[in-house]
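Below is one structure, written out as structure tokens; the observations come after it.
The values are calculated or read from the model by the stated rules, or taken from the named source; none is laboratory data. Everything numeric here is computed off the predicted structure, so don't read it as measured data. Here the Cβ positions follow ideal geometry from the backbone for every residue, glycine too, while neighbour counts run over all protein chains shown. Heavy atoms of the whole protein, side chains included, go into the accessibility calculation; ligands, DNA and RNA do not. Shrake-Rupley method; radii C 1.70, N 1.55, O 1.52, S 1.80 Å.
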2 protein chains.
Amino acid sequence: MRIGDAAAAAGTTARALRFYEQRGLLPPPARTPTGQRQYGAADVALVRVIRELLALGLTIEDLRTRADRLPLLAQDPPPPCGSGGSGSSGDGFAPVVDRRIAALDEEIARLTRQREELARRASPVAG
Amino acid sequence: MRIGDAAAAAGTTARALRFYEQRGLLPPPARTPTGQRQYGAADVALVRVIRELLALGLTIEDLRTRADRLPLLAQDPPPPCGSGGSGSSGDGFAPVVDRRIAALDEEIARLTRQREELARRASPVAG
DNA sequence: CTAACCCCTGACCCGCGGGTCAGGGTCAAG
DNA sequence: CTTGACCCTGACCCGCGGGTCAGGGGTTAG
């Protein structure tokens, strides 16, 4: 499977796959003798996981530092929960997920304050 | 008043004042014979208004297209309400404020969905 | 007069997740 | 063999509100 097909199968672009590889999220795939990247179904599943986590607001750097654990999340049945307390799979993602949730709470509160202040100015019922 | 003092009085930096001037938010001030910018109290008040509106999420472009109306907002008593319906002062800001509020609502909803999805994954009570 | 600070313009830098081009090589079908 | 679609790398571009640097000149207290 060449990069364009793999990208389409994962719902993204070839550029994104090269970018993830360059940033260390995606392991360098095998190459044909002429240098073209070759992907398999597992790679496509991995890319889907990466995009899902990015869409949830984790950063490239968050994923890069835990790139070795990403394939575990890509398996159809998530691995059985270990003794880890708050992780989604006993993996190392709990800290970054917790930080992201905290950042989201802060951001939501900030935007809510902005919204209220703007609404107050737009209709000065008591102001 | 030179730029550094005006910036400090408005709670920002000299760089920001030059930037606002370059983008057309702030009228070009008088200059000394040697080219240094000279500001007055009205300019400082205007800069305060600009920063307030930027902090509420309006863009440089939003303010640029209405730069002529900004000084009205800088006056201590806001001008009496005209016949304009939903404006904060019968000015032309209502449209951009409404758009910004809508954008905020959308963004808040998006972040809230992200937060819920992350929380769901972090503690899979019913995954 | 000199030191220390201020100001001038113009240009590049930040984060962040890629998009888009430029200039070339490769693959599959006709 | 040619054509068209695809792939390669490297480099610059986006938004956005400025920060920071570079190289030069102004200003003011001692």
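Selection over the stretch A:94-127 of residues that are under 28 Å from B:G92 (Cα atoms) and of a type outside the set (A, V, I, L, M) gives a count of 12. Counting the residues of the stretch B:5-28 that are over 12 Å from B:L46 (Cα atoms) and open to solvent by less than 40 Å² (accessible area, probe 1.4 Å) gives 4. Considered as a group, the residues in the stretch A:29-42 that are out of contact with any helix residue (DSSP H, G or I) (no Cβ under 6 Å at 6 or more places or on another chain) and over 20 Å from A:L73 (Cβ atoms) include one that is surrounded by the most Cβ atoms within 10 Å (Cβ to Cβ), and that residue is A:Q38.
The number of residues in the stretch B:43-52 that are open to solvent by 80 Å² or more (accessible area, probe 1.4 Å) and within 11 Å of DNA strand D (Cβ to nearest atom) comes to 2. Answer with yes or no whether A:G4 is within 27 Å of B:A122 (Cα to Cα) and either part of a loop (DSSP other than H, G, I, E, B) or at pLDDT 95 or above (or both). Spelling it out, it is not the case that A:G4 is within 27 Å of B:A122 (Cα to Cα) and either part of a loop (DSSP other than H, G, I, E, B) or at pLDDT 95 or above (or both).
Conditions tested, residue by residue: (1) modelled with pLDDT under 95; (2) within 14 Å of chain A (Cβ to nearest Cβ); (3) in contact with a helix residue (DSSP H, G or I) (Cβ under 6 Å, 6 or more places away or on another chain).
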| position | (1), (2), (3) |
| --- | --- |
| B:P27 | no, no, no |
| B:V44 | no, no, yes |
| B:R51 | no, yes, no |
| B:D62 | yes, yes, yes |
| B:A67 | yes, no, no |
| B:S83 | yes, no, no |
| B:S89 | yes, yes, no |
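For B:A55, state whether it is surrounded by fewer than 18 Cβ atoms within 10 Å (Cβ to Cβ) and either away from DNA strand C (no atom under 14 Å from the Cβ) or among the small types (G, A, S) (or both). Judged against the criteria, B:A55 is a match. Filtering the stretch B:33-48 for residues that are within 10 Å of the chain's Cα centre (by Cα) and part of a helix (DSSP H, G or I) leaves a non-empty set.
Taking first residues from the stretch B:1-30 that are over 18 Å from B:L53 (Cα atoms) and partners that are acidic (D, E), the Cβ contacts under 7 Å between residues at least 6 apart in sequence or on separate chains come to B:A6/B:D43; B:P28/B:E21; B:P29/B:D43. Considering each residue of the stretch B:103-113 in turn, at least one proves to be modelled with pLDDT of 90 or more, more than 16 Å from DNA strand C (Cβ to nearest atom), of a type in the set (K, R) and over 17 Å from the mean Cα position of the chain (by Cα).
Residues in the stretch B:2-17 that are more than 8 Å from DNA strand C (Cβ to nearest atom) and touching a Gly at 6+ places or on another chain (Cβ under 9 Å): B:T13 alone.
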